[in-house]
1. Would you point out which residue out of S303, S233 is of a type in the set (G, A, S), surrounded by 20 or more Cβ atoms within 10 Å (Cβ to Cβ) and at pLDDT 95 or above?
2. Look at segment 431-454 and say how many of its residues are in contact with a strand residue (DSSP E or B) (Cβ under 8 Å, 6 or more places away or on another chain), in a loop (DSSP other than H, G, I, E, B) and surrounded by fewer than 20 Cβ atoms within 10 Å (Cβ to Cβ).
3. Looking only at segment 1-48, which residues are in contact with a His (Cβ under 9 Å, 6 or more places away or on another chain) and either modelled with pLDDT under 50 or not assigned by TED's automatic domain parsing to the domain that holds K461 (or both)?
4. Against the condition over 26 Å from the mean Cα position of the chain (by Cα), crowded, with 21+ Cβ neighbours inside 10 Å and at pLDDT 95 or above, how does V459 come out, does it pass?
5. Looking at segment 202-219, is at least one residue over 23 Å from the mean Cα position of the chain (by Cα) and more than 24 Å from I77 (Cα to Cα)?
6. Please give the strands (runs of 3 or more DSSP E) falling wholly within segment 208-286 in which 3 or more residues are assigned by TED's automatic domain parsing to the domain that holds A163, of a type in the set (A, V, I, L, M) and on the phi < 0 side of the Ramachandran plot.
7. Could you check segment 328-423 for strands (runs of 3 or more DSSP E) lying wholly inside it with 1 or more residues that are under 14 Å from F477 (Cβ atoms), touching a residue at least 40 places away in the same chain (Cβ under 8 Å) and aliphatic (A, V, I, L, M)?
8. Check T102, T62, T98, T76 and return the single one that is in contact with a helix residue (DSSP H, G or I) (Cβ under 9 Å, 6 or more places away or on another chain) and not assigned by TED's automatic domain parsing to the domain that holds T397.
Amino acid sequence: MRPSASVLVSLLAVGWAGSLSGAEPIALGDRRELFVDHALIASMDNVGLRLQEPRRAGTALTFDRPWEGVFSAYATILNDDGLYRMYYRGLPSTAPGTIARTAYAESRDGITWVKPSLGLYEWEGSTDNNIVFAETNSFSRNFSPFIDDRPGVPAAERFKAIAGVETKGLAAFVSADGLNWKPWGPEYIFTAGMFDSHNVVFWSEHEQAYVCYFRTWTGEGFEGYRTISRTTSPDLLNWTPPGAMDFGPTPMEHLYTNGTQPYFRAPHIYVALAKRFFPEKAAFAPEKAMPMVVSKTHGDSSSDAIFMSSRGGDRYDRTFMEAFVRPGPADEDWVARDNTPALGLVPAANGREMYFYRMSHYGQPTAHLTRHVLRLDGFVAVNAPYAGGQLITKPVTFSGEELVLNYQSSAAGSVQVELQDEAGHPLPGFEAEACDLIFGDEIDRVVRWGGEADLSKWVGKAVRLRFVLVDADLYSFQFR
């Protein structure tokens, strides 16, 4: 007999009384839901939310051109209908008078990147370079593009970008092709911030507004903690009063970047791959750290990358205080202001994974971007041990006709799903024991009860989901 059979019998027999009733149903429609927070969870029994560990996949891009250099940083990756466009700061020195330039690379698979010769800007007498933007007023220090998805945006303004100048404001730029940029709007579209980092703007279909996440400090000027504030706008010109983001009951930390973006498979959920900074926590003694870095002020700090999420508003979910990406075994990633995640997630060609990128060896001659690999939807998993467990959702309504899961199990493990009414009573024919046993490793597995998947008769009605898991991980679900 399969070792988990007795476990399943006991779990499937667990009833749930009407103590769960009373909550307003959450309207899911046909959107995909991830377990990055507790927004949909009513209860968990012997299961937990587990932050996943991305896989390192080697160097993605080296900053080896003379206009790039050791202080290249703040990369943004856009998915332009399958063409991946990367924008990043080129800055060979921090000496006074050094001008930053925005460089450009592109890829069709997220693995191999090409730096095209664009012929747009001159560098030392030649336009044979990949410079896509160069201004003398510091706008290239954190040039941050996005594809403007707001309905009705003219084709000539499909690409937009913001650039922050410390203590002055955010300037906006526009492009029809993502290569030729020109100023847009007033000199500064927003001024209530510090902006001395990688600031982010995107159009949110979920909130029906432009959303901006930007650098502020908890104290006056550049005092206190580096942190994140937010503002919204209907038109990129008129902005709400900025509000400091709330991180819940967690200790304050220096958050150097925010990396906030709508997740492309569930855009109502914003994922934030942020850099966490420890300005006075050095991994090495000065005699070891200082020879490694070009700027001596960068040898006495350390950084890692964290994962946060938001469903809009002024709150980040900090369920996970642990690092999402640790610096790793290389000494070079333990000095300077390293380990900054790039902005942007791109799907892999295999249909199962996605990539993101991280700054490595910042401020050193070997500066480059590292590629990291993650399962689709695989930021967080509902994890069950061999002993088994269950998760019950809050009441929801849906508009799809079948339920699909993104999950992984062992050969001994399994997943089964029960549909319940709003009070927590199993729906006839949709009990967990009637669910066809699910085990394996699939991105979109259709759930069936007695061989049938049709849920159309429950569309628009309040239900709960009870997931019964044995030695398995559940990443997401969707009614479609």
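1. Unique residue meeting the criteria: S303.
2. 6
3. Answer for segment 1-48, where residues must be in contact with a His (Cβ under 9 Å, 6 or more places away or on another chain) and either modelled with pLDDT under 50 or not assigned by TED's automatic domain parsing to the domain that holds K461 (or both): G15, W16, A17, G18.
4. Spelling it out, it is not the case that V459 is over 26 Å from the mean Cα position of the chain (by Cα), crowded, with 21+ Cβ neighbours inside 10 Å and at pLDDT 95 or above.
5. Checked against the condition, which is being over 23 Å from the mean Cα position of the chain (by Cα) and more than 24 Å from I77 (Cα to Cα), segment 202-219 yields at least one hit.
6. Where strands (runs of 3 or more DSSP E) fall fully within segment 208-286 and carry at least 3 residues being assigned by TED's automatic domain parsing to the domain that holds A163, of a type in the set (A, V, I, L, M) and on the phi < 0 side of the Ramachandran plot, they are 266-278.
7. Output list reads 380-384, 389-393, 396-398, 403-421.
8. T102
The values are calculated or read from the model by the stated rules, or taken from the named source; none is laboratory data. A quick note: this is a predicted structure, and the numbers were derived from the prediction, not measured. Cβ: placed from backbone, ideal geometry, glycine included. Neighbour counts: every protein chain shown.
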